[in-house]
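Asker: What follows is a single structure, and I will ask about it in a moment.
The values are calculated or read from the model by the stated rules, or taken from the named source; none is laboratory data. Predicted model only: the values in this text are computed from it and were never measured. Positions of Cβ are generated from backbone atoms using ideal geometry, with glycine treated the same way; all protein chains shown enter the neighbour counts.
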Amino acid sequence: LFERAELAPADPILGLTEAFSVDKRAQKVNLGVGVYLDEDGRLPLMRAVQEASERITQAARPHAYQPIDGMPAYRTAVRAMVFGESNAISDGRVVTVQSLGGTGALRVGGDLLRVLSAGPKLLVSNPSWENHRAIFSRAGFEVDTYRYYDAELKGIDFEGMIADLDAAEAGTVVVLHACCHNPTGYDLDAAQWDRVIEVLIRRSLVPFLDMAYQGFGSGVAEDGAVVERFTSSGLVFLLSTSYSKSFSLYGERVGSLSVVVEDATVAARVLSQLKTLIRTDYSNPPTEGAAIVSTVLLDEQLRSMWADELSHMRTRIQTLRTSLVAALAERGIDDMEFIAQQRGMFSYSGLPREQMVALRSEFGVYGLDSGRICVAALNDSNLGYVADAIASVRAA
Ligand code: LMR
């Protein structure tokens with residue numbers, strides 16, 4: 001039986017982390033995975049998170065099962081953060097379940113849509129997070145793309161995007177990055193979101209917003225504003241969130257899936273379907289990450305400490321962007337200023353695959369074959385080395 005198994009390709013993102021960890025070179029830099037590292041190149045333990053963990057440890061609670069849909073306090077806290085005072089909440093139109101990170105939310109959401117016979121066509125941006133296509137194909141969708149990145153313009157091919165959405169069949173599911181587009185770092189502005197919403201409604205498309213980087217664009221509220229645009233438009237839609245990055249809780253797999261539906265009676269039925277999917281998949285979610293996030297969000301002092309720390313991460317990434325542009329300019333590269341305009345953790349560098357491979361093999365600088373690099377993993381000690389490496393592969 002098992003002899004039939006073929007060797008699957010390594011994951012395009014996490015596979016790089018595996019290769020990086022066995023790379024014996026003293027000088028190496030992992031700009032592959034989307035992980036924020038601090039000034040010393042270390043994964044931060046946020047003070048608010050540490051304080052919340054200590055409180056949880058002191059409470060010495062036994063390790064009970066969580067409800068299938070997750071910890072109630074967590075679900076309420078993240079829903080309030082994401083939807084604010086929206087009428088959709090008071091109308092009982094929002095169902096929120098705890099998920100295994102953003103990935104888990106996308107998969108459970110995809111499974112729900114297939115149970116409801118949505119699709120089977122689903123569109124992701126071109127390009128998109130590598131795992132989007134894999135998750136939704138595995139859930140049974142026919143995945144295709146809508147235009148998004150314009151390599152010439154170094155920006156968004158917005159008219160192309162609108163034309164592709166306009167041409168989509170009614171019922172097609174459309175995955176949209178709420179903020180900090182992964183991998184390009186180019187986001188829609190408010191007026192563009194309004195046009196997208198207009199097409200989604202007119203063409204009866206089903207939006208699935210993915211918001212894994214709330215707080216890394218312009219701020220928690222600012223990045224989340226797109227959600228209110230969707231709820232107030234009357235659209236029904238899905239929304240996945242992740243707290244891996246914004247709480248530096250990568251290994252805790254903590255996220256959420258919200259489904260905004262027609263009314264409260266539909267909400268009860270949708271929740272029952274989500275619970276069936278979760279129960280037959282992983283039964284119920286783990287406790288630790290949700291306990292930390294809800295402790296922080298529900299405590300005024302911890303929440304403001306967390307907001308300050310997140311804001312520091314965001315502004316520091318912006319500084320790293322300008323420092324990288326300056327370091328490249330010092331090495332004679334003056335056509336990469338766009339790095340400073342992009343948002344979130346990533347830069348879509350425009351470097352072709354051969355140069356990304358050379359960065360890895362010759363310099364131990366790991367970025368994705370697509371040209372994506374994680375700016376959030378740069379620091380004062382490795383930035384010059386990375387700029388040297390880029391200058392060298394570009395000159396070759
Ligand atoms: C990334 O894009 O690098 C992150 O979202 C981590 C992941 O799971 O791929």
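Asker: Scan the stretch 138-154 residue by residue and report those that are within 16 Å of the ligand (Cβ to nearest atom) and either surrounded by fewer than 21 Cβ atoms within 10 Å (Cβ to Cβ) or among the acidic types (Asp, Glu) (or both).
Answerer: Arg138
Asker: Quick check on the stretch 191-214: of everything there that is out of contact with any helix residue (DSSP H, G or I) (no Cβ under 8 Å at 6 or more places or on another chain) and not charged (D, E, K, R), which residue is nearest to Gly34 (Cα to Cα)?
Answerer: Restricting to residues being out of contact with any helix residue (DSSP H, G or I) (no Cβ under 8 Å at 6 or more places or on another chain) and not charged (D, E, K, R), the top hit is Ala191.
Asker: Of everything in the stretch 278-321 that's closer than 16 Å to Pro72 by Cα and among the β-branched types (Val, Ile, Thr), which residue is surrounded by the most Cβ atoms within 10 Å (Cβ to Cβ)?
Answerer: Taking the candidates together, the pick is Val293.
Asker: If you check Ala77 against the conditions, is it surrounded by 16 or more Cβ atoms within 10 Å (Cβ to Cβ), away from the ligand (no atom under 16 Å from the Cβ) and at pLDDT 95 or above?
Answerer: Yes; evaluated as a whole, the condition is true for this residue.
Asker: Another one. Could you say which residue among Asp335, Asp380, Asp388 is part of a helix (DSSP H, G or I), over 19 Å from Thr17 (Cβ atoms) and not β-branched (Val, Ile, Thr)?
Answerer: Only one candidate qualifies: Asp388.
Quick grid of which residues meet (1) surrounded by 19 or more Cβ atoms within 10 Å (Cβ to Cβ); (2) hydrophobic (A, V, I, L, M, F, W, C); (3) away from the ligand (no atom under 16 Å from the Cβ); (4) outside the structural domain of Asp164 (by TED's automatic domain parsing):
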{"position": "Asn87", "(1), (2), (3), (4)": "no, no, yes, no"}
{"position": "Ala105", "(1), (2), (3), (4)": "yes, yes, no, no"}
{"position": "Leu113", "(1), (2), (3), (4)": "yes, yes, yes, no"}
{"position": "Gly119", "(1), (2), (3), (4)": "yes, no, yes, no"}
{"position": "His132", "(1), (2), (3), (4)": "yes, no, no, no"}
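Asker: Give me the helices (runs of 4 or more DSSP H) completely within the stretch 212-330, filtered to those with at least 2 residues that are within 16 Å of the ligand (Cβ to nearest atom), ordered by residue number.
Answerer: Numbers: elements: 220-233, 264-279, 288-297, 300-330.
In the stretch 212-330, the matching helices (runs of 4 or more DSSP H) lie at 300-330.
Asker: Looking at the stretch 31-62 only, could you name the residues that are assigned to a helix (DSSP H, G or I) and among the basic types (Lys, Arg)?
Answerer: Listed by number, the residues that qualify are Arg47, Arg55.
Asker: Among all residue pairs at least 6 apart or on different chains, which show Cβ distances below 6 Å where the first residue, located in the stretch 280-294, is polar (S, T, N, Q) and the second is modelled with pLDDT of 95 or more?
Answerer: Close Cβ pairs satisfying both conditions: Asn284/Tyr65; Asn284/Gln66; Asn284/Ile68; Thr287/Gln66; Ser294/Ala73; Ser294/Tyr74; Ser294/Ala77.
Asker: Considering (1) farther than 21 Å from Asp194 by Cβ; (2) away from the ligand (no atom under 16 Å from the Cβ), say which one Val174 fails and leave the rest.
Answerer: Condition (1) is where Val174 drops out.
Asker: Of (1) in contact (Cβ under 8 Å) with a residue 40 or more places away in the chain; (2) under 30 Å from Ala52 (Cα atoms), Asp388 satisfies all except one. Which?
Answerer: Asp388 satisfies all of (1) in contact (Cβ under 8 Å) with a residue 40 or more places away in the chain; (2) under 30 Å from Ala52 (Cα atoms) except (2).
Asker: Of these, Ser242, Ser258, Ser246, which one is under 22 Å from Gly101 (Cβ atoms), in contact with a Ser or Thr (Cβ under 7 Å, 6 or more places away or on another chain) and surrounded by 22 or more Cβ atoms within 10 Å (Cβ to Cβ)?
Answerer: Ser258
Asker: Please go through (1) surrounded by 13 or more Cβ atoms within 10 Å (Cβ to Cβ); (2) over 28 Å from Arg229 (Cα atoms); (3) of a type in the set (Asp, Glu); (4) not assigned by TED's automatic domain parsing to the domain that holds Val78 for Asp334 and return the number of the only condition it doesn't satisfy.
Answerer: With respect to (1) surrounded by 13 or more Cβ atoms within 10 Å (Cβ to Cβ); (2) over 28 Å from Arg229 (Cα atoms); (3) of a type in the set (Asp, Glu); (4) not assigned by TED's automatic domain parsing to the domain that holds Val78, Asp334 is out only on (1).
Asker: Scan the stretch 1-30 for residues that are near the ligand (Cβ under 10 Å from one of its atoms) and not in a helix (DSSP H, G or I) and jot them down.
Answerer: Asp11, Pro12, Ile13 - these are the residues of the stretch 1-30 that are near the ligand (Cβ under 10 Å from one of its atoms) and not in a helix (DSSP H, G or I).
Asker: Within the stretch 89-103, work out how many residues are of a type in the set (A, V, I, L, M, F, W, C) and within 16 Å of the ligand (Cβ to nearest atom). Don't jump to the end; show me each part of the working.
Answerer: Residues of the stretch 89-103 of a type in the set (A, V, I, L, M, F, W, C): 89, 94-95, 97, 100.
Going one step further and asking which of them are within 16 Å of the ligand (Cβ to nearest atom), we end up with 100.
Matching residues across the stretch 89-103 total 1.
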